[in-house]
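Participant: The following block contains the structure, expressed as structure tokens.
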Amino acid sequence: MNNRSIAFITHKFPPGPGGMERWNLQMAEAYGKASVQVSVVHFRVGKEPLFSEHFSYFPVTVDPSDSPYRSPRFSYTIGSAARIAFGFLRSLPLLRRHALWQVTFGEGLLLKVFVYAAAFVLRKRVIAASGCVMFAHPYRSFWGALIKKSIMRLMLNRSETILVDGTDLRSELVENGIRGRKIQVCYAGIDTEMFKNSGSSGLSDLLERKNAHLEPDRKTILYSCRLSAENAPLDFIHVLERLPEHSHLQGLVIGDGPLREEMVSAAQKLSHPVTFLGSVEYEELPAVLSGVDICLFTYSRHIGGISQMIPLSMSCETVVVTTRVGDN
């Protein structure tokens with residue numbers, strides 16, 4: 001066993017979309033650049049795997065037909081639970097060769113239970129990492145919340161270190177009985193060579209490739225997130241609804257998710273036009289952020305830390321308006 005080795009065990013990793021996915025990627029590459037042997041065991045859905053010179057990548061396909069834009073999973077079918085269990089068992093020989101395991105907490109509970117149970121039996125050290133709140137999620141029942149929160153406290157207190165992407169997340173953990181001395185705030189970084197203002201031509205090219213159109217005489221307000229409840233996408237529509245008709249504004253929505261159809265239906269009732277561009281590649285984001293006038297990000301209390309879209313937008317010199325949630 002290599003003592004300078006770490007295994008990332010996660011659902012949250014590129015090419016899946018989202019800030020936590022990029023945060024995990026940054027950490028995996030940082031370990032690799034520090035001459036640590038890194039293996040990423042990615043329990044993924046539906047997208048092609050990612051490769052890097054800084055780590056070894058081992059995809060475990062949970063459901064190839066599922067969407068990486070769905071909301072975080074808090075309940076399981078027998079089939080999905082079986083696929084996760086079988087995938088974890090297949091990855092155990094690889095995991096045993098690593099001295100340290102790192103597991104992402106911003107996802108469903110089942111994989112974390114497997115990780116901590118195996119770590120206890122095999123006497124492995126575990127790092128927990130999260131870029132979102134862990135105890136404020138809506139639960140279906142009082143007893144379900146009590147059981148799940150108790151299990152999470154047990155796992156977090158057993159962790160050697162807990163990495164969080166915001167001081168608000170540290171406060172939440174301490175308030176829920178987690179020892180503060182093991183919690184470290186670790187913010188995600190920004191590639192300022194990639195995310196810089198490049199003018200409006202890049203967005204125009206992207207719109208043409210996607211057969212979409214923005215009205216040139218209107219100011220553009222961007223919303224770019226997974227279209228699911230934790231990001232409150234319908235609040236973006238409600239904000240546009242309150243803006244006066246003579247303001248010559250238009251909305252641009254980047255992303256996909258379970259609330260897309262409801263969002264499209266609500267947008268059709270507005271006096272301001274809204275263009276839904278769907279998902280874009282991470283490398284295309286600088287062109288989008290540089291080509292709009294305002295970034296409007298509405299978030300619910302069920303996220304935490306700093307949303308990655310905020311510093312990315314600011315790095316592209318675009319005005320940002322957001323809710324006072326987490327460390328935003």
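Participant: So which residues in the stretch 211-229 are over 17 Å from THR318 (Cα atoms), open to solvent by less than 50 Å² (accessible area, probe 1.4 Å) and either β-branched (Val, Ile, Thr) or modelled with pLDDT of 90 or more (or both), if there are any at all? Outline the logic, then answer.
Facilitator: Kept after step one, since they are over 17 Å from THR318 (Cα atoms), are these residues of the stretch 211-229: 211-217, 226-229.
Going one step further and asking which of them are open to solvent by less than 50 Å² (accessible area, probe 1.4 Å), we end up with 212, 214, 226-228.
Once the filter is applied, which keeps residues that are over 17 Å from THR318 (Cα atoms), open to solvent by less than 50 Å² (accessible area, probe 1.4 Å) and either β-branched (Val, Ile, Thr) or modelled with pLDDT of 90 or more (or both), the stretch 211-229 yields ALA212, LEU214.
Participant: Of all residues being of a type in the set (Ser, Thr, Tyr) and free of Cβ contacts under 8 Å to residues at least 60 places away in the same chain in the stretch 1-44, which is most open to solvent (accessible area, probe 1.4 Å)? Just the residue, please. Quick ask: steps written out before the conclusion?
Facilitator: Quick first cut of the stretch 1-44, residues of a type in the set (Ser, Thr, Tyr) only: 5, 10, 31, 35, 39.
From what is left, the residues that are free of Cβ contacts under 8 Å to residues at least 60 places away in the same chain are 31, 35, 39.
Numbers: TYR31: 62, SER35: 92, SER39: 3 Å².
Looking at the filtered set, the residue picked out is SER35.
Participant: Here is a further query. May I ask you to say which residue of ALA267, ALA232 is within 22 Å of the chain's Cα centre (by Cα), open to solvent by less than 40 Å² (accessible area, probe 1.4 Å), of a type outside the set (Val, Ile, Thr) and over 25 Å from GLU283 (Cβ atoms)?
Facilitator: On the way: ALA267 fails: within 22 Å of the chain's Cα centre (by Cα).
The match here is ALA232.
Participant: With the requirement that a residue be over 23 Å from ILE78 (Cα atoms) and open to solvent by 40 Å² or more (accessible area, probe 1.4 Å), what does the stretch 98-128 give you?
Facilitator: First, pick out the residues of the stretch 98-128 that are over 23 Å from ILE78 (Cα atoms): 98-102, 119-128.
Result: PHE120, VAL121, LEU122, ARG123, ARG125.
Participant: Confirm whether SER56 is in a loop (DSSP other than H, G, I, E, B) and at pLDDT 90 or above. Let's see the steps before the verdict.
Facilitator: Values: in a loop (DSSP other than H, G, I, E, B): no; at pLDDT 90 or above: yes.
So SER56 fails the test.
Participant: Tell me which helices (runs of 4 or more DSSP H) are completely within the stretch 214-328 and hold 1 or more residues being touching a residue at least 60 places away in the same chain (Cβ under 8 Å), or say none if there are none. Spell out the reasoning first.
Facilitator: Details: elements: 233-242, 260-267, 285-291, 309-315.
Filter on the stretch 214-328 gives 233-242, 285-291, 309-315.
Participant: A further question follows. Does THR323 satisfy being modelled with pLDDT of 90 or more, more than 20 Å from GLU21 (Cα to Cα) and among the hydroxyl-bearing types (Ser, Thr, Tyr)?
Facilitator: Numbers: modelled with pLDDT of 90 or more: no; more than 20 Å from GLU21 (Cα to Cα): yes; among the hydroxyl-bearing types (Ser, Thr, Tyr): yes.
Against the criterion (modelled with pLDDT of 90 or more, more than 20 Å from GLU21 (Cα to Cα) and among the hydroxyl-bearing types (Ser, Thr, Tyr)), THR323 does not qualify.
Participant: A further question on this structure: For the stretch 249-258, check the following and say yes or no: at least one residue is modelled with pLDDT under 90 and open to solvent by 30 Å² or more (accessible area, probe 1.4 Å).
Facilitator: Yes, the stretch 249-258 has at least one match.
Participant: Ok, one more. Could you tell me which numbered condition LEU173 fails, if it satisfies all but one of (1) free of Cβ contacts under 8 Å to residues at least 60 places away in the same chain; (2) part of a loop (DSSP other than H, G, I, E, B)?
Facilitator: It is condition (2) that LEU173 fails.
Participant: Looking only at the stretch 281-303, filter to residues that are open to solvent by 30 Å² or more (accessible area, probe 1.4 Å) and touching a Gly at 6+ places or on another chain (Cβ under 9 Å); which one of those is nearest to ALA232 (Cα to Cα)? If you could, list the steps in order and put the result at the bottom.
Facilitator: Our first condition is that a residue be open to solvent by 30 Å² or more (accessible area, probe 1.4 Å); within the stretch 281-303, this holds for 281-284, 293-294, 301-302.
With the extra rule that they be touching a Gly at 6+ places or on another chain (Cβ under 9 Å), the set shrinks to 284, 301.
Numbers: GLU284: 23, ARG301: 9 Å.
My answer is ARG301.
Participant: Given the criteria under 18 Å from SER5 (Cα atoms), open to solvent by 60 Å² or more (accessible area, probe 1.4 Å), modelled with pLDDT under 95 and not aromatic (Phe, Trp, Tyr), does ARG158 qualify? Break it down stepwise before answering.
Facilitator: Details: under 18 Å from SER5 (Cα atoms): no; open to solvent by 60 Å² or more (accessible area, probe 1.4 Å): yes; modelled with pLDDT under 95: yes; not aromatic (Phe, Trp, Tyr): yes.
So ARG158 does not fit the description; no.
Participant: Listed residues GLY131, GLY144, GLY166; which is small (Gly, Ala, Ser) and surrounded by fewer than 13 Cβ atoms within 10 Å (Cβ to Cβ)? Break it down stepwise before answering.
Facilitator: Numbers: GLY131 fails: surrounded by fewer than 13 Cβ atoms within 10 Å (Cβ to Cβ); GLY166 fails: surrounded by fewer than 13 Cβ atoms within 10 Å (Cβ to Cβ).
Result: GLY144 is the single residue among GLY131, GLY144, GLY166 that is small (Gly, Ala, Ser) and surrounded by fewer than 13 Cβ atoms within 10 Å (Cβ to Cβ).
The values are calculated or read from the model by the stated rules, or taken from the named source; none is laboratory data. None of these values were measured; they are calculated from a predicted model. Positions of Cβ are generated from backbone atoms using ideal geometry, with glycine treated the same way; all protein chains shown enter the neighbour counts. Heads up: the accessible areas ignore ligands, DNA and RNA and are worked out on the full protein's heavy atoms, side chains in. Shrake-Rupley method; radii C 1.70, N 1.55, O 1.52, S 1.80 Å.
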